[in-house]
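Notes follow once the structure below has been shown.
The values are calculated or read from the model by the stated rules, or taken from the named source; none is laboratory data. Predicted, not measured: the structure shown is a model, and the values here were computed from it. Every residue, glycine as well, gets a Cβ built from its backbone with ideal geometry; the counts of neighbours run over all protein chains shown. The protein model used for the area step is the full one, side chains on, heavy atoms only, and it has no ligands, DNA or RNA in it. Shrake-Rupley method; radii C 1.70, N 1.55, O 1.52, S 1.80 Å.
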Amino acid sequence: MARTRLSRSDRYDQLVEVSWALVRAEGADALTLGRLAEHAGVAKPVVYSHFASRAELLAALFTEFDDRQTVMLEESLRSAPDSLNGRAQAIADSYVGCALAQGRELTGVLAALEGSPELEQVKRTAERAYSERCRSILDPYSGSGGISAPSFTAIFGAAEALSQAAVSGTLAPEDATGELARLIVAAVGKD
């Protein structure tokens, strides 16, 4: 049986998809470049031509997740009312919705990112960009001083906890998004 040759871009997408499936099935610790090659049905040099190291692969997975989260946020904003409640609900829906769409495997990738200063920097940079986007969305509804750093930290701490509770089934998704939206409104409204 002949192998199908994919374009470089399509092969990259395939490797990312197979990586997520491998993490879903066996956990992030099982994700190595060799195992990825095996599961993708390609030679190791093909994988190494896309990812020089496991760390680079993990960073790529997180970046792919972060890109999807940003797209979901922008899609939610397009249909949301132009009000604090509407914007808060759009942020909550997209944050929790993206975590649910990715599932439990994200937790393993995040833990692996925390294990290395370089990988942690990738995560922090992405989080900073996402939070700054959210700040720009919410600032028009805050007081003259803007949203305080402690309030913003609380919003994203709650977003992470509520998302994980929805992913694990501890909370219904609508309860997680509703509570997050209420917390955002309360935090922005008090500043």
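Between Ala186 and Glu26, full extension at 0.36 nm per residue minus the direct alpha carbon distance yields a gain of 53.6 nm. A convex hull fitted to the Cα coordinates of segment 72-135 yields 76 cubic angstrom per residue. In whole Å, how far is the Cα centre of segment 36-90 from that of segment 128-158? Distance between centres, Cα-based: 22 Å.
Name the shape class, rounded, prolate or oblate, that the alpha-carbon gyration tensor gives for segment 130-191, where a ≥ b ≥ c are the square roots of its eigenvalues, rounded holds for a/c under 1.5, and otherwise prolate holds if a/b is larger than b/c and oblate otherwise.
Values: a/c = 2.60, a/b = 2.20, b/c = 1.18.
In terms of gyration-tensor shape, prolate.
The residues of the chain present an accessible area of 51 Å² per residue when probed at 1.4 Å with all protein chains retained. When only alpha carbons of segment 1-98 are considered, Rg and Dmax amount to 17.3, 58 Å. Accessible-area rank, largest first, for Asp29, Asp93: Asp29, Asp93, with all protein chains present and a 1.4 angstrom probe. Both the radius of gyration and Dmax for segment 88-190 are 14.0, 41 Å, in that order, over alpha-carbon atoms. With a cut-off of 14 Å between beta carbons, the residues surrounding Leu171 carry a summed charge of -3, where Lys and Arg count +1 and Asp and Glu -1. Rounded to the nearest 500, the helix-only mean residue ellipticity at 222 nm of the chain stands at -26000 deg cm²/dmol, with each DSSP H run of n ≥ 4 adding -39,500 (n - 2.57). Can you pull the percent of segment 41-108's accessible area that's carbon plus sulfur, 1.4 Å probe, other chains left in place? Exposed carbon and sulfur together represent 56 percent of the surface. With the convex hull of its Cα atoms as the shape, segment 103-145 has an orientation-averaged projected area of 4.3 nm².
Two tests apply to each whole DSSP H helix in the chain, Cα reach of 24 Å or more along its axis and mean Kyte-Doolittle hydropathy of at least 0.0, and the ones passing both are 84-102, 149-168, 173-190.
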